[in-house]
Amino acid sequence: MGKEVRFKFGTSQIKIRRYSSYCYFFLLLTLPLAHTGYAAVFPKEPRDTTIRNCSITPPYIPPTVKNSTEGLARLRQEMRNRNISAYIIPSTDPHLGEYIADREKRRQWMTGFTGSAGEAVVTMTRAALFTDSRYWTQAERQMDCNWELQKSVSPSAMVSWIVEEGNPGDEIGFDPFLWSINEWESYNNLFEGSGRIPRSIAVNLVDVVWGSQRPPLPDNEIYAIPEEFLGNSWQEKVTAIRNQMEVHAQKPSALLLSALEETAWLFNLRGQDIPYNPFFYSYAMLTNHSIRLFVNTSRVTGAVRNYLTANCPGPMCVEILEYETVRDTLTDYVKGDVKVWIGSQYTNYGVYEIIPKDKLLSESYSPIMITKSVKNEKEQKILKDCHIRDAVAVIEYLVWLEKKVPANAVTELSGAHYVDGLRTKQAHAKGPSFETISAGGLNAALAHYSATNETNRQLTVNEMYLVDSGGQYLDGTTDITRTVHWGKPTDFEKEAYTRVLMGNIELSRLVFPPQTSGRVVEAFARHALWEAGLNYGHGTGHGIGNFFAVHEWPVGFQSSNIALTKGMFSSIEPGYYHDGYFGIRIEDIVLVVEADTKHMFGGQKYLTFETVTLVPYDRNLIDVDIMTEAQIRYVDKYYKKIREVMLPELQRQGLQEEYKWLERNTEPLSPGTTVAVSLGVLSASLLVSLFLQ
């Protein structure tokens, strides 16, 4: 029958007959669940107090959110004043670049959400944010309950939401300066047949509501690049672009420049309006007989004004006009017998919509975007020089990490700050080229992770560490990613790392015909991963230039990029990301150069890549057993180049510890290569015969 057991539970006397210890244990666990006064045996999952909870009364609002009630009320009043039923708030600025100034962060100001991707929509009764999975938790932490989170970035999802919310005949307001031509036309097509009417409103309604709280116009000085860092004068560039206008079949009479890097490149000017990018807010319009620069004229110093107007009057005279007058100037210009050339990828709808279609020449990229993507010999040299100095900073950082991480003295954030600081010591440094990605362990599995106070991890010898960083210098822009492990990596970590490295090598050593598109050869960077059933979800590379944006279009390996040409610089950056555990990326900057081939089909030189990044890979993570002999030889040859270039530079800068570290970390991967390096001129077949004797 079993033994009777008595015990007290709360205020009750409990009597059970124990048939076995298992039964007794089960009853002890389950009885409290039925007792209303005792629920601590199986505690509920603790509520995440970092995110909002709008399902309870009153709602739970964490302290990290922005109170949007007043802003929304004022915006809705502006909408009523204009008879607008819905208003769309994108996350861009009029120049459609990757980074924007604080005064252009309208969606962030309205919602409180600081993520880089996402669009907001406001109606008279509802407000919604549309963003992707990278930012769902962040949005829940930063938005109050006035906002719905729509877990999509699809234009069709947004249009469907607007249509369901409103009525036929509703007008949907948008600021035409914040949409690309292609993007708005896709939205317009989705609205077609819905009975809703998109309406372009040149005055931004969020700006009206923001009022005096809106950050002021940047007042940083616009400055000219010193001649020693230039490949061509701005006058030479203007002449070259005018020549392209002259020979174009459609004979455009004017070229309208909307991308900030276009005006910066054409006039050899730089500014500090955009985080990490040396640009200034501007437009430009170039004709055969005139040059107009639209900019905040109060920021143009006497020196810059003289620099631009020294040849006035005449076709090389730059007329400096106020930034806001571009639309009016263009409106007057297109009244004549003219044709305006634009690059549709970076021209906003606000200037596009006032150009009659029979007076428009639209191509994906302007001739300036195409021309600046190919660097001349001087630009190539100074950009390579820049990467030498940048490599010093990265090598210093890797040496520092080897000493500090075992002592538990480095976090993701402190590491990022340290490497940024090391770059400032190098000549011509102008700051980081983007926010450093410093990611340890599972955080590295997020390809574009940025450490915060909430997510900051201490680096340890038992985890992977990924650092993706870069610098801006007067002579160039840099971007490099290295992944390291200071302890004993698992077999899978080593295999994944080595396969990423193999992909980097295979694309870097590839020989290909001239005018090959990057998308055609991109798979070489994935092949070694694919063989093992692995992959990565981001692009394989992007252009980079001389003191410009770190992602310099239109060079790269995506379908929208232009064909690869001698003189282009690009990154090559395959990776692998294992959710919840680790992430790997190996990124080098390469220059497209002519290849030395036995034959020359079509009478044109074939092309290949020359790696200009000069920092070794992590030997601790390389499994040479799965690499081919050609891949091992490639690394050994690359390490030989690193030694030849970087050891003298480290010595010149008095960095003896880094000098010794680099010697150790650039030893050949194979013993046979040591002989090849020392003898240099011996062929592989001769070495084999020597070993066999």
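The values are calculated or read from the model by the stated rules, or taken from the named source; none is laboratory data. It should be emphasised that the depicted structure is a prediction, and the values quoted were computed from it without experimental measurement. Reconstructed Cβ throughout: ideal geometry from the backbone, glycine too, with neighbour counts over all protein chains shown. Just the protein is used for accessible areas: all its heavy atoms, side chains included, with ligands, DNA and RNA removed. Shrake-Rupley method; radii C 1.70, N 1.55, O 1.52, S 1.80 Å.
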Q.
Just checking, does the stretch 414-433 include any residue being closer than 18 Å to Glu587 by Cα and part of a loop (DSSP other than H, G, I, E, B)?
A. yes
Q. Which of the residues belonging to the stretch 72-97 are buried (at least 17 other Cβ atoms within 10 Å of the Cβ) and of a type in the set (S, T, N, Q)?
A. Ser85, Ser91, Thr92
(Q) For Arg389, only one of the following conditions fails: (1) free of Cβ contacts under 8 Å to residues at least 60 places away in the same chain; (2) open to solvent by 20 Å² or more (accessible area, probe 1.4 Å); (3) over 22 Å from the mean Cα position of the chain (by Cα). What is its number? (A) (1)
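Can you say whether Asp579 is under 22 Å from Ile622 (Cα atoms) and open to solvent by 10 Å² or more (accessible area, probe 1.4 Å), as far as the supplied structure shows? Lay out the reasoning, then the answer.
Details: under 22 Å from Ile622 (Cα atoms): yes; open to solvent by 10 Å² or more (accessible area, probe 1.4 Å): yes.
Here the answer is yes, as Asp579 does meet what is asked.
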Q.
Need the failing condition index for Thr436 against (1) hydroxyl-bearing (Ser, Thr, Tyr); (2) in contact with a strand residue (DSSP E or B) (Cβ under 9 Å, 6 or more places away or on another chain); (3) farther than 27 Å from Leu650 by Cβ, just the number.
A. (3)
Q: For Gly169, indicate whether it is within 13 Å of Ala86 (Cα to Cα), part of a strand (DSSP E or B) and more than 29 Å from the chain's Cα centre (by Cα).
A: no
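For Pro489, are the conditions met, namely being touching a strand residue (DSSP E or B) at 6+ places or on another chain (Cβ under 8 Å), open to solvent by 40 Å² or more (accessible area, probe 1.4 Å) and not hydrophobic (A, V, I, L, M, F, W, C)?
no
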Q: Would you confirm whether any residue within the stretch 287-309 is open to solvent by 50 Å² or more (accessible area, probe 1.4 Å) and farther than 28 Å from Tyr223 by Cβ?
A: yes
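Determine which member of the set Thr69, Thr57, Thr50, Thr64 is more than 16 Å from Val122 (Cβ to Cβ), over 31 Å from the mean Cα position of the chain (by Cα) and either polar (S, T, N, Q) or open to solvent by 20 Å² or more (accessible area, probe 1.4 Å) (or both).
Numbers: Thr69 fails: more than 16 Å from Val122 (Cβ to Cβ); Thr50 fails: over 31 Å from the mean Cα position of the chain (by Cα); Thr64 fails: over 31 Å from the mean Cα position of the chain (by Cα).
Of Thr69, Thr57, Thr50, Thr64, the one residue that is more than 16 Å from Val122 (Cβ to Cβ), over 31 Å from the mean Cα position of the chain (by Cα) and either polar (S, T, N, Q) or open to solvent by 20 Å² or more (accessible area, probe 1.4 Å) (or both) is Thr57.
Are any of the residues in the stretch 418-433 at pLDDT 95 or above and farther than 30 Å from Gln380 by Cβ? Spell out the reasoning first.
Taking the stretch 418-433 first, the residues at pLDDT 95 or above are 418-433.
With the extra rule that they be farther than 30 Å from Gln380 by Cβ, the set shrinks to 418.
Looking through the stretch 418-433, at least one residue is at pLDDT 95 or above and farther than 30 Å from Gln380 by Cβ.
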Q) Somewhere in the stretch 596-609, is a residue of a type in the set (S, T, N, Q), closer than 20 Å to Val467 by Cβ and at pLDDT 95 or above? A) no
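When the residues of the stretch 512-552 are narrowed to those that are polar (S, T, N, Q) and not in a strand (DSSP E or B), which ends up farthest from Val500 (Cα to Cα)? Working first, answer last.
First, pick out the residues of the stretch 512-552 that are polar (S, T, N, Q): 515-517, 535, 540, 546.
Still in the list and also not in a strand (DSSP E or B): 515-516, 535, 540, 546.
Values: Gln515: 26, Thr516: 23, Asn535: 9, Thr540: 11, Asn546: 28 Å.
For the stretch 512-552, the residue satisfying everything is Asn546.
Tell me whether the stretch 185-200 contains one or more residues that are within 30 Å of Gln272 (Cβ to Cβ) and either touching a residue at least 24 places away in the same chain (Cβ under 8 Å) or not acidic (Asp, Glu) (or both).
Step one: list which residues in the stretch 185-200 are within 30 Å of Gln272 (Cβ to Cβ), which gives none.
The answer is no, given that none of the residues of the stretch 185-200 is within 30 Å of Gln272 (Cβ to Cβ) and either touching a residue at least 24 places away in the same chain (Cβ under 8 Å) or not acidic (Asp, Glu) (or both).
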Q. In the stretch 98-109, which residues are open to solvent by 40 Å² or more (accessible area, probe 1.4 Å) and either under 16 Å from Ala259 (Cα atoms) or among the aliphatic types (A, V, I, L, M) (or both)?
A. Glu98, Tyr99
**Q.** Residue under evaluation Thr452, criteria (1) in contact with a strand residue (DSSP E or B) (Cβ under 7 Å, 6 or more places away or on another chain); (2) among the polar types (S, T, N, Q); (3) open to solvent by 40 Å² or more (accessible area, probe 1.4 Å), criterion not met
**A.** (1)
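Find the residue count for the stretch 126-150, including only residues that are open to solvent by 40 Å² or more (accessible area, probe 1.4 Å) and either modelled with pLDDT under 95 or aliphatic (A, V, I, L, M) (or both). Don't jump to the end; show me each part of the working.
Initial filter on the stretch 126-150 (open to solvent by 40 Å² or more (accessible area, probe 1.4 Å)): 126, 133-134, 136-138, 140-141, 145-146, 148, 150.
Add one more test, that the residue is either modelled with pLDDT under 95 or aliphatic (A, V, I, L, M) (or both), and what stays is 133-134, 136-138, 140-141.
Result for the stretch 126-150: 7.
Can Gly173 be described as open to solvent by less than 40 Å² (accessible area, probe 1.4 Å) and of a type in the set (Gly, Ala, Ser)?
The answer is yes for Gly173.
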Q | Matching option when the condition is on the phi < 0 side of the Ramachandran plot, without any contact (Cβ under 8 Å) to a residue 24 or more places away in the chain and not β-branched (Val, Ile, Thr), among Gln138, Gln150 | A | Gln150
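The rows are residues; the columns are (1) touching a residue at least 40 places away in the same chain (Cβ under 8 Å); (2) surrounded by fewer than 18 Cβ atoms within 10 Å (Cβ to Cβ).
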| residue | (1), (2) |
| --- | --- |
| Glu594 | no, yes |
| Gln604 | yes, yes |
| Asp625 | no, yes |
| Val635 | yes, no |
| Leu650 | yes, no |
Q. Which one is surrounded by the most Cβ atoms within 10 Å (Cβ to Cβ), of the residues in the stretch 237-253 that are of a type outside the set (A, V, I, L, M) and outside any helix (DSSP H, G or I)?
A. Pro252
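Out of the residues in the stretch 336-384 meeting the condition of being part of a loop (DSSP other than H, G, I, E, B) and acidic (Asp, Glu), tell me which one is surrounded by the fewest Cβ atoms within 10 Å (Cβ to Cβ). Please lay out each step first, then the result.
First pass over the stretch 336-384, keeping only residues part of a loop (DSSP other than H, G, I, E, B): 336-339, 344-347, 353-356, 364-366, 373-376.
Now drop any that are not acidic (Asp, Glu), which leaves 337, 353.
Working: Asp337: 7, Glu353: 13.
So the residue we want is Asp337.
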Q. Could you count how many residues in the stretch 200-230 are among the charged types (D, E, K, R) and either closer than 23 Å to Asn348 by Cα or more than 28 Å from the chain's Cα centre (by Cα) (or both)?
A. 4
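Tell me, yes or no, whether the stretch 319-327 has at least one residue that is assigned to a strand (DSSP E or B) and open to solvent by less than 30 Å² (accessible area, probe 1.4 Å). Give the derivation first.
Filtering the stretch 319-327 for residues assigned to a strand (DSSP E or B) gives 319-322.
Next cut, open to solvent by less than 30 Å² (accessible area, probe 1.4 Å) only: 320.
Yes, the stretch 319-327 contains at least one residue that is assigned to a strand (DSSP E or B) and open to solvent by less than 30 Å² (accessible area, probe 1.4 Å).
Quickly run through the stretch 566-586 and pick out the residues that are among the hydroxyl-bearing types (Ser, Thr, Tyr) and part of a loop (DSSP other than H, G, I, E, B).
Taking the stretch 566-586 and keeping what is among the hydroxyl-bearing types (Ser, Thr, Tyr), we get 570-571, 576-577, 581.
Passing the criteria: only Tyr581.
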Q) Considering the stretch 65-122 alone, what residues qualify as being in contact (Cβ under 8 Å) with a residue 60 or more places away in the chain and in contact with a His (Cβ under 9 Å, 6 or more places away or on another chain)? A) Glu98
